[in-house]
Amino acid sequence: MKAHTKETQAAMTPQSALAALKDGNTRFVNGAMASRDLQDQVGDTASGQYPFATVLHCIDSRVSSELLFDQGIGDVFSIRIAGNFVNDDILGSMEFACKLAGTKLLVVLGHTACGAVKGACDHARLGNLTTLINKLEPAVEAVTEPTDSSQRNSGNIDFVNEVAKKNVHMTMDNIRTNSPILKEMEDEGSIAIVGGMYDIATGKVEFY
């Protein structure tokens, strides 16, 4: 499989970009990864890159977008931060990726059993991590069930995963609210903004 070129990137739509990620995840789950010569792709991309998707996901070592979507060098922009939320710098990176570099799809990818989300559920406080946790706590408050405070912590994995899902949706809303550039691109159909959850137990991604 060759690296993307300017022509192949231009030929993709938001819908075909999403289909490519879905197909790649299916290959990953089935252990049928596409055949690639990564050194060839290094050479193919030495003079330029033409990724078709941008993925915001967690730093978790089990969650690598290139692997779980079975993509090669030059295929995706990969933005990683614990808890997969956005700030000004990440929004700027997304605007570069979509408006200037031509990606057709923006994915906010959460995952099950997220450590950063667990920290937010427990309202953890530790150095600079506190600032990061604060950015995730609105998602904790937005999940209304269970109401029993003893169940609203990292010991309840179902609650943790619901908060992770809510965080994905809220992050998508934050992108649209805080980046007029990306919102306009979505409205005109030149990009799509989608969410997803990666199951660390099965390797599957559920999009929504």
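Just checking the listed ones, 51, 14, 180: in the Gaussian network model of the chain with Cα springs under 10 Å, the one fluctuating most is 180. Label sites at residue 199 and residue 64, each approximated as a point 7 angstrom past Cα along Cα to Cβ, lie 2.3 nm apart.
Report the FRET efficiency, 1/(1 + (r/R0)^6), for residue 89 and residue 19, where r is their Cβ-Cβ distance and R0 is 22 Å, rounded to 0.05.
0.15
Annotation: for a label point projected 7 angstrom from Cα along Cα→Cβ of residue 10, residues of region 77-115 with backbone N closer than 18 Å are 98-105.
Shown for 94, 185: other C-beta atoms within 10 Å of each C-beta, ranked fewest to most, produce the order 185, 94. For residue 195, the residues 5 or more places off, or on other chains, whose built amide H falls under 5 Å of its own are 108, 208.
For residue 173 and residue 124 in the same chain, what is the full-extension length gain: residue separation times 0.36 nm, less their Cα-Cα distance, in nm?
Stretched fully, the residue 173-residue 124 segment lengthens by 15.2 nm.
Rounded to the nearest 5, what % of the DSSP beta bridges within the chain are antiparallel ones?
The antiparallel proportion sits near 15 percent.
On the beta carbon distance between residue 42 and residue 100, with R0 = 30 Å, the FRET formula returns roughly 0.85. Between residue 190 and residue 157, the C-beta separation translates, for a Förster distance of 35 Å, into a calculated FRET efficiency of about 0.35. If you work out semi-axes √(5λ) of the Cα gyration tensor in Å from the coordinates, which of [x] 27, 18, 16; [y] 29, 22, 15; [z] 31, 19, 15 do you get? Entry [z]. Ellipticity at 222 nm from helices only: DSSP H runs of n ≥ 4 in the chain, each -39500 (n - 2.57), divided by the residue count, give -13500 deg cm²/dmol.
Close amide-amide hydrogen proximity is noted between residue 82 and 59, each under 5 Å apart and 5 or more residues distant or on a separate chain (H modeled in the peptide plane; Pro and chain starts excluded). Sequence-ordered 3J(HN,Hα) estimates for region 49-66 from the Karplus curve with 6.51, -1.76 and 1.60 and θ = phi - 60° stand at 10, 9, x, 9, 9, 10, 10, 9, 8, 7, 6, 3, 5, 8, 10, 10, 4, 4 Hz, glycine and proline given as x. Couplings 3J(HN,Hα) for region 152-162, derived from phi with the Karplus relation 6.51 cos²θ - 1.76 cosθ + 1.60 (θ = phi - 60°), are 9, 8, 5, x, 9, 5, 5, 5, 4, 5, 5 Hz, where x marks Gly and Pro. For region 181-208, backbone nitrogen atoms closer than 19 Å to the point 7 Å from residue 1 Cα along Cα-to-C-beta are found at 198-199, 203-207.
Between 97, 53, 34, the GNM of the chain built on Cα springs shorter than 10 angstrom shows 34 fluctuating the most.
Just so you know, all these numbers are worked out from the coordinates, no wet-lab data involved. These numbers were taken from a predicted model, which means no experiment stands behind them. With ideal geometry, Cβ positions are generated from the backbone for all residues, glycine too; neighbour counts draw on all protein chains shown.
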